[in-house]
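Data block below; observations after.
The values are calculated or read from the model by the stated rules, or taken from the named source; none is laboratory data. Keep in mind it's a predicted model, so treat the numbers as computed, not measured. Cβ placement follows ideal geometry from the backbone for every residue including glycine, while neighbour counts extend to all protein chains displayed. Heavy atoms of the whole protein, side chains included, go into the accessibility calculation; ligands, DNA and RNA do not. Shrake-Rupley method; radii C 1.70, N 1.55, O 1.52, S 1.80 Å.
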Amino acid sequence: MSLPEPARRDTRLDPYIDAYAERTHGLTVSAVRALFAVANRPEVVSLAGGMPNIADLPREALAAAFDRLITERGTQAMQYGSGQGEPFMRDKIVEVMAEEQIQAHADDIVVTCGSQQALDLVTRVFCDPGDVVLAEAPSYVGALGTFRAYQCEIVHVAMDEHGIEPEALRNALVTLKAAGKRVKFLYTIPNFQNPTGVTQTLERRHAIIAIAKEHGLLIVEDNPYGLLTLEAEPMPALRSMDADNVVYLGSFSKIFAPGFRVGWVLAPHAVREKLVLTQEAATLCPPVFSQYAIATYLDQFDWRAQIDVFRDMYRERRDAMLAGLSDHMLEGTTWTRPKGGFFVWVNLPEGLDSQAMLPRAVTARVAFTPGTAFYADGLGSRNMRLSFCFPPPDRIYEGTRRLGEVLKQELEMYRTFGLGAASPRHLDQSIGPAPDIS
Ligand code: PMP
């Protein structure tokens, strides 16, 4: 008896198709990335991306400071540096984290190329293929991409408007253990979560820490938005409540500027050592010039006052979005009311499919990110993420008006033709090419 022939793959489109490592097989173009090309056109109100608005930074004064940095300290600032990050940078990071009640030692910090690289290093250090990573349902698309790149199994844990549901976390741990799975960590964004805008309450924070302790579960706390509070004072970070069991990720992207690509990990000592070695293998050292530039900014400018400027600007945008949503959304549509960060999460009425309607929304000159981008298991078709960080308030309001019109038409289609009419299956496969909206 002859063995069946292995399936032949079409190598005409990509001659390397059989050469790629298995870990690349799960790498697919995210809806967010595919969107950027279209959504960036000026006629489209993009509520899709998550770009911080940095127009309010004092650019002329920064230019003068960076000019002096190059002339006076350029030979150090443009040189290779420490794999762990420059000591002066780590000292400054300790100061920044103190704003969120975190007490840390500069030795336990590893500077990274944005918190995105921190996610990559942490996953690389902890996860073998098949290991389970727990993440909120839904969770940050970029983190899901990293976990996939290391062939992790992503298991979502239910959340509500108060954050992760403790019982769901406990049940997931018990079920996964019974199934013989190795759960490596819980990935959570406790403040103004991406994509929902939800903030974990203090009670939930205590409950999650207690469950993690009980089950020997490591927590990876990702906190790029924590200082961008629009109402109350920042909540205490999980790391401030449990120094032994939390790996904390921070970033300058949202409190200063993302282009420098500087973030960090604060980790228990033993983990920190592994992270430094992994960082050296990946990049030799994090960007040295960026660290000098950021330290210059923190030393010579009132960065706390600048965060207040950002807060006022984002608050106005958040309010414009919430006003627009209550003025224009269909009955049966609900949404979160974030107290900080960049994002609002919308639940659509039955019969609507956010991914299927995206091309029609872009044709109507408004873009959003479909909810499916934020789930590893295909859920989220009745959700969308709207970001209020970038367009000015009047454009945000106009965007919600356009969106309201699109929803109305979609619902009419659904009512006339039934379930599936507004969400043809072939559009579910991908968001498709950019529609011509010129
Ligand atoms: N984590 C979360 C939750 C984010 O939203 C982002 C950026 N959108 C990142 C990490 C990555 O940020 P950066 O690499 O710029 O620090």
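Remarks
- Working note: Karplus 6.51/-1.76/1.60 with θ = phi - 60° gives segment 406-412 the couplings 4, 4, 4, 5, 4, 5, 4 Hz, where Gly and Pro are set to x.
- 10 Å Cβ shell holding at most 12 others, DSSP loop, GluC sites (Glu not before Pro): longest site-free stretch of the chain: 44-160
- Segment 203-275: relative contact order as a whole-number percent, Cα under 8 Å and 6+ apart: 27
- Computed over protein heavy atoms with a 1.4 Å probe, the carbon and sulfur contribution to the accessible area of segment 312-381 reaches 45%.
- Coupling constants for segment 114-128 follow from the phi torsions by the Karplus curve (6.51 cos²θ - 1.76 cosθ + 1.60, θ = phi - 60°), and in residue order they are x, 6, 4, 6, 4, 4, 5, 5, 5, 5, 4, 6, 9, 10, 9 Hz; glycine and proline get x.
- Å³ per residue enclosed by the Cα convex hull of segment 255-413: 169
- Centre-to-centre separation between the Cα atoms of segment 257-288 and those of segment 331-408: 34 Å.
- Exposed trypsin sites (Lys or Arg not before Pro) absent - longest run of the chain, DSSP non-H/G/I/E/B, at most 11 other C-beta within 10 Å: 13-438
- Total formal charge among the other residues, if their Cβ is under 15 angstrom from that of Met78, Lys/Arg +1 and Asp/Glu -1: -1
- Take the Cα of Lys177, step 7 Å toward its Cβ, do the same at Glu161, and the gap between the two points is 3.3 nm.
- Sites counted here are chymotrypsin sites (Phe, Trp or Tyr not before Pro) in a DSSP loop (not H, G, I, E or B) having no more than 15 other Cβ atoms within 10 Å; the longest part of the chain that contains none of them is 81-438.
- Volume per residue of the convex hull around the Cα atoms, evaluated for segment 158-250, comes out as 93 Å³.
- Coordinate range along principal axes, alpha carbons of segment 186-322, Å, largest first: 43, 40, 23
- Amide hydrogen proximity for Leu228: with H placed 1.01 Å from N in the peptide plane, the residues at 5 or more positions away or on another chain lying under 5 Å are Gly341.
- Rounded accessible area of Met241 (nearest 10 Å², 1.4 Å probe): 50
- Over the chain, DSSP H runs of length four or greater, each weighted -39,500 (n - 2.57), average out per residue to a 222 nm ellipticity of -13500 deg cm²/dmol.
- Between Arg73 and Thr201, the modelled label-to-label distance comes to 4.6 nm, taking each label 7 Å out from Cα in the direction of the beta carbon.
- Extending 7 Å from Cα along the Cβ direction at Ala232 and again at Ala64 yields two label points whose distance is 4.1 nm.
- Across the alpha-carbon set of segment 47-141, the Rg to Rh ratio works out to 1.04, Rh being the Kirkwood radius.
- Gly50 long-range amide H proximity, modeled H, under 5 Å: none
- Amide H to amide H distances under 5 Å link Leu218 with Leu186, where only residues 5 or more positions off or on other chains count and H is placed in the peptide plane.
- The relative contact order of the chain comes to 22 percent, based on Cα pairs under 8 Å that sit 6 or more residues apart.
- Directionally averaged projected area (convex hull, Cα atoms, segment 307-383), nm²: 6.1
- Solvent exposure of the chain as accessible area per residue, Å², 1.4 Å probe: 45
- Column: log10 I(q)/I(0), Debye, Cα scatterers of segment 115-180, q = 0.12, 0.18, 0.24, 0.28 Å⁻¹: -0.32, -0.70, -1.07, -1.19
- Two-decimal log10 I(q)/I(0) for the chain, as the Debye equation yields it once each C-alpha is a single scatterer, q = 0.12 Å⁻¹: -1.08
- Residue-wise HN-Hα couplings along segment 201-217, as the Karplus relation 6.51 cos²θ - 1.76 cosθ + 1.60 with θ = phi - 60° gives them from phi, are 6, 4, 4, 5, 4, 4, 5, 5, 4, 5, 5, 4, 4, 4, 9, x, 9 Hz; Gly and Pro carry x.
- In segment 172-256, the portion of solvent-accessible area held by carbon and sulfur atoms comes to 54 percent [1.4 Å probe, whole percent, DNA, RNA and ligands not counted].
- Amide N proximity, segment 346-363 versus Glu43 label position 7 Å along Cα-to-Cβ, cut-off under 19 Å: 358-363
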